[in-house]
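Taking it in order: structure first as structure tokens, then the write-up.
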């Protein structure tokens with residue numbers, strides 16, 4: 001029962017643009033540091049890539065009602081080809097269109113757009129399945145329609 005001023009009564013509100021809440025989502029930023037030097041950024045800034053993928057990892061962990069773990073980040077970086085030495089050229093073009101400046105708080109709606117391109121159904125699968133699906137075709141994870 002909510003008895004403190006900051007408690008949300010009746011559960012977290014849900015709806016378009018409200019995200020997928022979960023506990024300790026900021027921990028994903030610490031976990032992202034373990035990927036330093038492994039990300040294939042292309043022309044993108046690392047801060048922007050991390051911001052976009054941390055948001056996806058937070059959505060994934062929130063779907064399970066838990067805080068983020070390294071597998072959430074692995075899934076996010078994999079879906080966008082940032083762990084691939086030679087990602088598909090069309091995916092690279094899409095990344096270069098969507099990711100610039102999303103680390104800035106002024107570009108929250110652009111970050112949301114990146115997150116919204118990845119469905120909850122895709123994120124709910126085991127991370128090993130997400131990796132396999134990426135290898136057979138990145139469009140299985142990202143909806144560009």
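Throughout, read-outs are computed from the coordinates displayed, never taken from laboratory work. On a predicted model such as this, the values are computed, not experimentally measured, just so you know. All Cβ positions, glycine included, derive from the backbone under ideal geometry; neighbour counts span all protein chains shown.
With no solvent and one equal point scatterer per Cα, compute the Debye intensity ratio I(q)/I(0) for region 27-140 at 0.09, 0.12 Å⁻¹ and report its log10, rounded to two decimals.
Computed log10 I(q)/I(0) values: -0.19, -0.35.
Calculate the spin-label point distance for residue 101 paired with residue 132, positioning each point 7 Å from the Cα along the beta-carbon direction, and give it in nanometres.
It is 4.1 nm.
Using label points projected 7 Å from each Cα along Cα→Cβ, tell me how many nm separate residue 71 and residue 40, to one decimal.
Between residue 71 and residue 40, the label points sit 2.4 nm apart.
Working out 0.36 nm times the residue gap between residue 86 and residue 113, then minus their Cα-Cα distance, what length gain in nm do you get to one decimal? Please report the intermediate quantities before stating the final value.
Values: separation 27, 0.36 × 27 = 9.72 nm, distance 2.42 nm.
Length gained between residue 86 and residue 113: 7.3 nm.
So, by mean Cβ neighbours within 10 angstrom, what's the order for 84-93, 49-58 with the highest one leading?
Numbers: 84-93: 12.8, 49-58: 26.0.
Ranked by mean Cβ neighbours within 10 Å, highest first: 49-58, 84-93.
For a quick protection proxy, order the peptides 35-46, 99-110, 67-78 by their average other-Cβ count within 10 Å, most packed first.
My ranking of the peptides, most packed first, is 67-78, 99-110, 35-46.
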